[in-house]
Amino acid sequence: LRTNKAHTMALKTLIGKIKSGNDPVKGLLSMAKASENAERYSDMCSFMRELVAAKVAAGEDLTVEERNLLSVAYKNAVGARRASWRTLILDEYKGNSIIDEYKKKVSTEMKTICMEVLKVLEDTLVPNIEKIISAGEKSEGNTPPEALVFYLKMAGDYYRYLSEIVVKEGDNSDSSLTLQQTSW
């Protein structure tokens with residue numbers, strides 16, 4: 001997610017302090033909730049990414065509450081950009097080169113967020129829950145198959161968001177077709 005450098009450094013410093021504390025997962029969860037209440041969804045995404053990394057490093061899956069917070073963080077971060085992008089593709093803005101440039105900025109932000117959450121899901125959470133399922137373990141308050149379905153559905157949603165942009169932008173490349181097929 002694109003933010004200014006000072007904000008990024010301050011956020012990294014804060015995350016570093018939380019991770020060096022007694023209970024980093026609890027601290028990250030607390031900050032994710034505070035970010036949600038403050039409607040700072042990009043920050044919430046950062047806290048949730050770190051929480052995912054900490055839980056997976058400990059061999060654990062996310063709780064139902066943590067999964068829901070992950071979903072809320074990314075849904076709101078991308079949702080605002082989806083709404084902006086849909087406004088900018090209206091007929092009344094066609095042919096305006098400055099609006100086209102701005103639309104590209106918004107679609108790039110949206111793609112970045114989608115790719116970020118897909119990386120968390122596909123490279124971390126899905127392999128982790130598959131390992132838990134293979135071992136026959138139970139997760140806190142939920143069954144591993146439920147968690148797997150949640151992660152796969154969430155990934156499908158973000159592939160669908162990506163394919164919406166690609167189709168509207170007229171990209172007929174192989175990667176566009178792959179995105180469209182993956183979203184199904």
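Using Cα-Cα distances under 8 Å and only pairs 6 or more residues apart, what relative contact order does the range 1-69 have, in percent? Write down the numbers at each step before the final one.
Details: 43 pairs, mean separation 18.2, N = 69.
Worked out over the range 1-69, it gives 26 percent.
With viscosity set to 1.306 mPa s at 10 °C, what whole-number translational diffusion coefficient in µm²/s follows for the chain from Stokes-Einstein and a Kirkwood radius over Cα pairs? Write out the running numbers ahead of the final one.
On the way: Rh = 17.7 Å.
Translational diffusion coefficient: 90 µm²/s.
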Looking at this model, which pairs from Lys33/Lys103; Lys26/Lys153; Lys17/Lys103 are more than 29 angstrom apart at the alpha-carbon? Lys33/Lys103; Lys17/Lys103
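Let me check against my output: what whole-number percent is the relative contact order of the range 64-165, with C-alpha pairs under 8 Å and at least 6 apart?
Once normalised by length, the contact order is 31 percent.
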Can you give the extra length, in nm with one decimal, that the chain gains between Arg160 and Arg86 once fully stretched, where that is 0.36 nm per residue apart less the Cα-Cα distance? 25.2 nm
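Please report the relative contact order for the chain, taking Cα pairs under 8 Å with a sequence separation of at least 6, and give it as a percent rounded to a whole number.
Numbers: 158 pairs, mean separation 34.0, N = 184.
Once normalised by length, the contact order is 18 percent.
FYI, it's all coordinate maths here, none of it is from the lab. This one's a predicted model, so the numbers in the text were calculated from it and none came from an experiment.
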